[in-house]
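Some notes on the structure that comes next.
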Amino acid sequence: MDSIPSMWRTELWQPLSVHFPIALLSLAAAVAIALPFFRKRKPFSSLRFTYSLLLWSGLLAFWIAFYTGQLAYDVEVRRLCDPGVLKKHLRWSYISGIFFSIAALCDPGQAVPRL
């Protein structure tokens, strides 16, 4: 190896961007589970706003990570991973993306105004 490889290679963008949606969407799911327990208490509206904000920002970060994963797929399928593992990874990312997108579209929250 004659030179140091660049840190900004296309296949490295996905690992850099994937941790934000994991954290945001996990927190959104935890807040959604906690919402029924706080329905009659005063901070319910702020908790509902927090849920909506986490869900929509996590969804945006998810689709950015999904796009960067598609960019990295062409490089990784040839070099590092078993293609079967990558196909399962891609399938589960489609499933989770559709699941959280439906949850966001069904959200009557306050973070994103309705048209």
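Every number in this text was worked out from the coordinates using simple rules, so none of it is lab data. Keep in mind that this is a model prediction, so the values were computed, not measured. Note: ideal-geometry Cβ built from the backbone for every residue, glycine included; neighbour counts use all protein chains shown.
What distance in nm separates the simple spin-label points at residue 98 and residue 82, each placed 7 Å from Cα in the Cβ direction?
Result for the modelled spin labels: 2.5 nm.
As a footprinting exposure proxy, order 79, 9 by other Cβ within 10 Å, with the fewest listed first.
Fewest-to-most ranking of 79, 9: 79, 9.
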